[in-house]
Amino acid sequence: MAWIGIAQDLVADGLVPTPSDAALGLPTPSVGQPGAANQTSRLAAGSPVGKMPTSAPRGDTDAASSQGLGRRIALALGAGFVVIVAGVLSSGSKPRSSASFPVHEAPLPAVNPTAAPPLASPRPAAPVRDRAVVRHRKASRPSSLGKSAAEADDGAAPTAAGSSAAPVPSEPAPSPTPAPSQPVPVKTLDLQQIRDFERNL
Amino acid sequence: MPRPPFLSSRSNRIGAALIALALTKSTAWAESPGSSDTVLRLFDLEIQKAGRDELRAAIRKAGGTPKPSKNSSIDNFAVDAIGLPTLTALEVVFRGNDFVLAAYHSGGAHASGDERLRKMLVEKYGMPPSAAKNFTDPYGGEGKYTWSFANGMKLVYKKSFFGAVDLTYVDQARFDTVKKEAADTDREDTRKQARAKSNAF
């Protein structure tokens, strides 16, 4: 094969490092570089393996140290890559436990059926609040007016001589049963109510 | 008799004839049917002459439950227990002690059972004069249909586009009176409010 012959020529000329050179961390010789020509001869002369020759030229030392640094960086990157790949593979192959759910499969919080919903509690009716305000005002009224707070709370109407401030009238709660004997005002329907009924006629 | 100029062409004559036919049909549809001598009764009472207490008692006896009303001229009842198809509420309007109208309402849009209600109405009062033959069809009845009775009383069945059903018994003359009073009151209130707030708008 032609390319094998070319490669053997390059190795023979010292332009391509042999596997043993690469294992020793020796620099790749190039044309014009000091020491390129006697690379093979130095190895043949019995230089200790893994040890830089003491009489090596300065250019050889710098190249060797830079190549060692490159190897260490490459090894670190490779190790990191292996660690990452191992982590990915191990996490992908790990069976999903019943306790760990992805976010979109997280179980809903348990609902207590006996607990009342937060918005279900009715607001107190206005008339009740008004009555409470009236009761509070009556209770805080000074007793020098000639009437005790307990008497005022009995529902007796305050007399004009006994109280200077008129009580706040509270709206009566609508009676669920129409009282049969209550006086009926004649005109209480407003125009909008009339229109609502008229729409059905 | 000379023919008007716009009727000179044949197409114009056909168009005019179609318009005249359409107007005749729509006028006949909108017109209330001829007065009947039948007295309109509700809960075994001649409602036009029934007093307020009398009508209240009759509604309660039939199964109506009084509900609170914000207007002293209107009595509200829940009538689910009466057992009419699709009708769940009844409003009765009085002017003083005089009956003005009673209006049944369905529970809401797409009320079920209105077909049975229409068939029951036809069974008792006959086909409404303004109705087509499909009044009792399963998905028919949309629109307004009127039966007329003695002394200006009317019964109106109305089904809205969305399926809500209203059934109204009305003394038309009293309703017109109440409407006029409400309009007068509204006009007076508007005048007073405009005078009181004239510097604010």
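Please treat every number below as a calculation from the coordinates, not as lab data. All figures in this text were calculated on a predicted structure; none of them were measured in a lab. Every residue, glycine among them, receives a Cβ derived from its backbone with ideal geometry; neighbour counts consider all protein chains shown.
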statement: Averaged over residues of B:85-95, the number of beta carbons from other chains lying within 10 Å of each residue's Cβ is 2
statement: The Kirkwood hydrodynamic radius of the range B:39-196, taken as the inverse of the mean 1/r over all distinct Cα pairs, in Å, comes to 16.8 Å
statement: Per the rule of 0.36 nm per residue minus the C-alpha distance, extending B:Q193 to B:K124 adds in nm 19.9 nm
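Hey, how much of the P(r) for the range B:42-121 falls beyond 15 Å, as a percent of Cα pairs?
In whole percent, the share of Cα-Cα pairs in the range B:42-121 beyond 15 Å is 57.
Taking every residue in B:59-70, how many Cβ atoms of other protein chains lie within 10 Å of its Cβ, on average? Let's see the in-between values first.
Numbers: counts 0, 2, 0, 0, 0, 0, 2, 4, 4, 6, 4, 3.
For peptide B:59-70, the averaged partner shielding equals 2.
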- prompt: If you place +1 on the Cβ of every Lys and Arg and -1 on the Cβ of every Asp and Glu, how big does the dipole about the Cα centre of the range B:51-103 come out, in debye to the nearest 20?
  reply: 100 debye
message: Nothing charged except the Cβ atoms of Lys and Arg (+1) and of Asp and Glu (-1): what's the magnitude of the dipole of the range B:46-187 about its Cα centre? Round to the nearest 20 debye.
response: 80 debye
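Across peptide A:190-199, how many C-beta atoms of other chains are within 10 Å of each residue C-beta, on average?
Per residue, the number of nearby Cβ atoms from other chains is 6 on average.
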